[in-house]
Amino acid sequence: MSIGFNVIALDENYEIISLLRYTNLQWNRKYFEPGIFSLEIPLEQYDSRYKYIFTKDRPEMGEITQVNYIDQGEYRAIYLSGYFLENELNRRVVYRKGDTNIKNPPSWVNQSGNAEDVAFAFFNAFKDVCLSDSNQFPLGIDAGENQSRGKTANHERCGELLGNKIYHILQASKMSYRVAYDFESSRKVFYVWSGCDRTQEQLENNPVIFSTRYGNIKKPNVLMDSTNYKNMCIVDHESEESVYSRAVMSGETVIEADQASFVYLKSALNRNDYAEDAFLSALDTEGISELSDRVKTVNVEFDAMEGSYEYRIDFDLGDVCSIEIPEVDISADAVLIGCYEVIKKGTWSLTLEFGTPILKRR
């Protein structure tokens, strides 16, 4: 594994200014949220025109949002940090339907279909805002190819930030999105992507198994938490005309009576926006969404050992890998949701974070 990669700085027009001679690099890639980066460079290399950073060795492009100058006496340094381009979607909001001075709002309240179709529908509807003919605010990101992948999804206009909303739409299908910069066409492009299945049971890709038994991980950190776990939601809606109460279950196939755990949600939906059946379905969707953050979690984090698998060749962000930690009786498959690289003083380290595993044994 190479201990470093080249990073270049660009100005606001994406023109190359300099190759950065960094002394400390942190490149934190994330799957279900925007990633972040940080670089330390000598003061004499800093140029106030720096706006973006780019490397051909990683798929992300970073926008510099923070510049920190530190004088340590004999050594003066600049720290450049910020987010990858995926965070630009969070400059827009999925505004609710209602009275508005926005000239180009979508007519629909919710979108249903394959997750990728729903994600593109929200992206195209909310990426550009127009208040009048003279007040247009385009995000400046083009839509890439829609391949209509993923599970069936049904999502409302709910006031979330656009990027967070699209992550939410795609997460149930183990998919994510990227905003890539194409130098040849000078375009920023939004597209949906998915990692590979590298579990032991599949035959299409080379399997990847991280295990203390095989000695290819170190410093494992395993968190098992059921503190906020709920598997049923009571959704109430009351208006002058009617009162609705809906009991919504999580995706579990069987819930024993003594295992039922409820959470309450008062719906803010506008009854007048829906036909009867569509309104009841929308209430159910609200309940399922409320339960999505109230699950039993088993988060696994560890440092990858060099030599067993090569990062971005044998495995990469978004891949579903197998995890074996016999010390706590964990045998699971999980999505790689975080890859955290540190390059400092000629050494390279990689910490991997996995999302809630699908347990095969616990």
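Here, each number is a calculation from the coordinates, and none is a lab measurement. Since we're looking at a predicted model, the values are computed, not measured. Cβ coordinates were reconstructed from backbone atoms using ideal geometry, including for glycine residues, and neighbour counts include every protein chain displayed.
Enumerate the residues in the range 79-93 having an amide nitrogen under 15 Å from the point lying 7 Å beyond the Cα of GLN26 toward its Cβ.
Within reach of a label on GLN26: 79-84.
In angstroms, what radius of gyration and Dmax does the range 111-266 have, counting Cα atoms only?
21.3, 64
Ratio of the range 232-291's C-alpha Rg to 2.2 N^0.38 Å, to two decimals?
1.18
What's the extension gain from ARG312 to SER331 if we count 0.36 nm per residue and subtract their Cα-Cα distance?
Length gained between ARG312 and SER331: 4.5 nm.
Which of the following values of Rg and Dmax of the Cα atoms in Å was calculated from the structure shown: (i) 21.4, 75; (ii) 23.1, 74; (iii) 24.2, 79?
It is the one labelled (ii).
Once both labels are modelled 7 Å past Cα along the beta-carbon direction, what's the ASP197-ASP293 spacing in nm?
3.1
Pairs to check: LYS56/LYS165; LYS56/LYS174; LYS219/LYS344. Give those whose C-alpha atoms are more than 23 Å from each other in this structure.
From the list (LYS56/LYS165; LYS56/LYS174; LYS219/LYS344), the Cα-Cα distance tops 23 Å for LYS56/LYS165; LYS56/LYS174.
Mind checking the dipole of the chain: about its Cα centre, +1 per Lys or Arg Cβ, -1 per Asp or Glu Cβ, Debye to the nearest 20?
Dipole magnitude for the chain comes out near 460 debye.
For a bin width of 10 Å, list the pair-distance distribution of the range 8-85 built from all Cα-Cα distances, rounded to whole %.
The calculated distribution, bin by bin, is 19, 54, 23, 4, 0.
Pick out the long, greasy-scoring helices in the chain: whole DSSP H runs spanning 15 Å or more along their own axis by Cα, mean Kyte-Doolittle at least -1.0.
Correct list, ordered by number: 115-126, 276-291.
If you keep only loop residues by DSSP, which GluC sites (Glu not before Pro) in the range 1-103 have at most 11 other Cβ atoms within 10 Å of their Cβ?
Sites meeting the loop and neighbour criteria: GLU12, GLU15, GLU74.
How do ASP277, ASP197 line up, fewest other C-beta atoms within 10 Å first?
So the ranking, lowest neighbour count to highest, is ASP277, ASP197.
Which value results for Rg/Rh of the range 80-154 when Rg is the Cα radius of gyration and Rh the Kirkwood radius based on the inverse mean 1/r?
That ratio is 1.00, to two decimals.
For the chain, what does the helix formula give at 222 nm: sum of -39500 (n - 2.57) over DSSP H segments with n ≥ 4, over the residue count, nearest 500 deg cm²/dmol?
-3500 deg cm²/dmol
Sorted by mean Cβ packing within 10 Å, highest first, what order do the peptides 30-38, 142-150 take?
Per-residue Cβ counts within 10 Å, averaged per peptide and sorted highest first, yield 30-38, 142-150.
When a/c reaches 1.5 or more, the comparison of a/b and b/c decides; with that in mind, is the range 40-193 rounded, prolate or oblate per its Cα gyration tensor?
Prolate, because a/c is 1.5 or more and a/b exceeds b/c.
Leaving out same-chain residues fewer than 8 places away, which lysines sit with a Cα under 16 Å from that of LYS51?
Here the lysines satisfying the reach criterion relative to LYS51 are LYS188.
What FRET efficiency do you get for GLU256 and ASP142 if R0 is 56 Å and r is their Cβ-Cβ distance, rounded to the nearest 0.05?
Taking R0 as 56 Å, the efficiency between GLU256 and ASP142 is 0.65.
Label 7 Å along Cα→Cβ of ARG96; the range 158-175 residues with amide nitrogen under 11 Å?
Of the residues in the range 158-175, 158-160 have backbone N under 11 Å from the label point off ARG96.
Step through the residues of the range 87-95 one at a time and calculate ³J(HN,Hα) from phi using the Karplus curve (6.51 cos²θ - 1.76 cosθ + 1.60, θ = phi - 60°), rounding each to whole Hz and writing x for Gly and Pro.
5, 5, 5, 6, 7, 10, 10, 7, 6
Any chance you could check the Cα centroid distance between the range 37-114 and the range 264-279 for me, in angstrom?
For the range 37-114 versus the range 264-279, the Cα centre distance is 36 Å.
Quantify how much of the Cα-Cα distance distribution of the range 3-53 extends past 17 Å, in percent.
Here the tail beyond 17 Å accounts for 41 percent of pairs.
Order 337-346, 160-169 from most to least packed using the mean count of other Cβ atoms within 10 Å.
Packing proxy ranking, top to bottom: 160-169, 337-346.
Lys/Arg Cβ at +1, Asp/Glu Cβ at -1, dipole of the range 8-85 taken about the Cα centre: which of ALA77, LEU20, VAL67 is farthest positive-ward?
Value computed over the given set: LEU20.
Give the residue list of GluC sites (Glu not before Pro) in the range 167-241 that are DSSP loop and have at most 10 other beta-carbon atoms within 10 angstrom.
Filter output for the range 167-241: GLU184, GLU201, GLU204, GLU240, GLU241.
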